[in-house]
1. Please find, within segment 406-418, the residue that is modelled with the highest pLDDT out of those that are of a type in the set (S, T, N, Q) and under 19 Å from LYS51 (Cα atoms).
2. Which one of these does VAL239 not meet: (1) outside any helix (DSSP H, G or I); (2) at pLDDT 90 or above?
3. Could you tell me which numbered condition ALA275 fails, if it satisfies all but one of (1) small (Gly, Ala, Ser); (2) out of contact with any Leu (no Cβ under 8 Å at 6 or more places or on another chain); (3) modelled with pLDDT under 95?
4. Kindly indicate the residue of segment 55-72 that is among the β-branched types (Val, Ile, Thr) and at pLDDT below 85 and also surrounded by the fewest Cβ atoms within 10 Å (Cβ to Cβ) among those meeting that condition.
5. Cβ-Cβ under 7 Å, sequence separation 6+ or interchain: first residue in segment 32-46 and at positive phi, partner surrounded by fewer than 23 Cβ atoms within 10 Å (Cβ to Cβ) and at pLDDT below 95. Which pairs?
6. Would you point out which residue out of THR40, THR29, THR25 is among the β-branched types (Val, Ile, Thr), within 24 Å of the chain's Cα centre (by Cα), over 30 Å from ALA190 (Cβ atoms) and part of a helix (DSSP H, G or I)?
7. Restricted to segment 293-314, and to residues that are within 19 Å of GLY16 (Cβ to Cβ) and in contact (Cβ under 8 Å) with a residue 60 or more places away in the chain, which residue is surrounded by the fewest Cβ atoms within 10 Å (Cβ to Cβ)?
8. Could you list, in sequence order, the residues of segment 253-281 that are touching a residue at least 60 places away in the same chain (Cβ under 8 Å) and either part of a helix (DSSP H, G or I) or among the aromatic types (Phe, Trp, Tyr) (or both)?
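The values are calculated or read from the model by the stated rules, or taken from the named source; none is laboratory data. Because the structure is predicted, anything quoted here is derived from the model rather than measured. Neighbour counts run over all protein chains shown; Cβ positions are idealised from the backbone, glycine included.
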Amino acid sequence: MTKHNDEKHKIVIVGGGAAGLELATNLGTKLGRKGLAEITLIDAASTHIWKPLLHEVAAGTLDESEQVEYLQQGHRNHFYFRLGKMEALDRKKKQITVSPTLSESGEELIPRRTFIYDTLVMSVGSVSNTFNIKGVAEYCLFLDTTAQAFKFQKQLFESYLKSYIGKKSADIKPLSIAIVGAGATGVELAAQLYEVTNVLAIYGLNEKSTVKLTIIEAATQLLPALPIKLALATQQQLVNLGVVLKMGRRVTEITKEGITTSDGEFIEAELKVWAAGIKAPDWLKDLDGLETNHINQLVVDSTLKTNDDNIFAMGDCAACVWQGHNGNVPPRAQAAHQQASVLCQSIINRIKGRSLKKFVYYDYGSLVSLGKYTTVGNLMGNLMGTVSIGGFIAKVVYLSLYKMHQVAIHGYFRTTMLTLSNAFRRSVYKKIKMH
C-alpha cells in the first residue's frame, strides 16, 4: 500500500455496505494502487456481509466464509479501512468526526478522530422505520445490520432450547415467531426459519417442528415489487409451509407478549421481527445543512451529488429521482451496484477535471428466494419486456446477483474459488450454527 501523502486527493467513503465496499475496492484498484488518490473506508463494523443475506445470518444458515474482512480487503485493494461510526460533519473544514470505539464494558479502545476529505461519499445504508409505533423499538428484533442478525440468531436458538428441551410432549407449547412486514426480507426470513426449525428437529432437539410463524402486513398483497400473479403464488407457497398470513392488518402496538393490530386482534409472539419499512439513519437529517427528505435520505441530483459539490451519496441513504417514473430509485442491491459503478467513474473524472457522469437506473426486475422451497421473480429487459420466472431458473438468477457483488469486490478468479470452497463446506459441515 502506498504511503500517506497530503498532496493526494483524499476520498472518504462512509459505510461499507454493498455500494460502499464496491466503490472503495474499485477506486483502490484504479487510483490507490497507482498512488493517484488516498481512499479511506469507514464503517462501524469490522466485517461486511451482503445485506440481502442477513436473513440467512439470522437463521444461522449462512457460511462464515461469506464475511469479508474490511482490513484484508483494503490491504489487497489499496484502500485504508478505519473502524468507527461517523457522528459529525464540518463542511467548511471539509472533515468528518468519528465517535470513539468502546469495548463491551465501556472502555475506550479507539479515541474520537477526524478525517479530512476532498471528496466525501455517504453510503450508510438504511435502518428500519418504526413509524413511531408504541413498543416496536423496545420489543422487536431488527435485521438492519450483521450484529442485529447475529442477535436474532442467538435469541432464536435460546428460545428453541427453552421451549422444547427437557419438557414432556404434553407440556410443549409452540415457539411463536411473528414477522411484521411482507416484503422480501419478511418473506425470505419466514421461509428460512421454517427450514431451520425442521433441521433443528432432525438434529434431535425435538421430534418435530412445532414453531408457529406469522407474517403481519398492512397491505392486502405481499411482495408489492412483484406482479400480482407471482405474489399470489408465493403467498400460497407460504400457506403450504404452514405460515400464518395476516394481510391488511396494521400494527398499532407491540408488547413483550405479542402484537396488537388495527382490528383489535392480539397475536401472541415470543420473538417479534420488524421488517415493515426503511428510512435513512436519523443523524443524517441534521448533517451540517445537507438537504434530506422525509425519511432522512440525502437528496442528490442526477450525478449523485448532494447540495454540497464535494459530497456525494448512494445506496439506501440517497434520494435520487428515478427518471421517467414517479418517485425515487428504489432501495435495492442492484441500484447500489449501479450507483457504485457510476460514482467510481465520476470521482475519477472529478480528479482529472472532467465532467461528472449521470446516473440512470436500469430495473432488471425483482427476485425473492424461499430457501430450498422455491424462488420467484420477474426479469425486465428491452428485448423480452417483463418475464415471470420461478423454480430453478429463478434460483440461478437470484444467486447470480450475489455473484455479481462478489466479482465486484473479489474479481472472477477469487469468486470462483470461493464458490467452489463454499459448495464443498456445505456438503461436509452442519447446515446451521447452533451458537
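1. Within segment 406-418, the match that is modelled with the highest pLDDT is GLN406.
2. VAL239 satisfies all of (1) outside any helix (DSSP H, G or I); (2) at pLDDT 90 or above except (1).
3. Unmet for ALA275, out of (1) small (Gly, Ala, Ser); (2) out of contact with any Leu (no Cβ under 8 Å at 6 or more places or on another chain); (3) modelled with pLDDT under 95: (2).
4. So the residue we want is THR61.
5. GLY35/THR2
6. Being among the β-branched types (Val, Ile, Thr), within 24 Å of the chain's Cα centre (by Cα), over 30 Å from ALA190 (Cβ atoms) and part of a helix (DSSP H, G or I) holds for just one of THR40, THR29, THR25, which is THR25.
7. That would be ILE311.
8. TRP274
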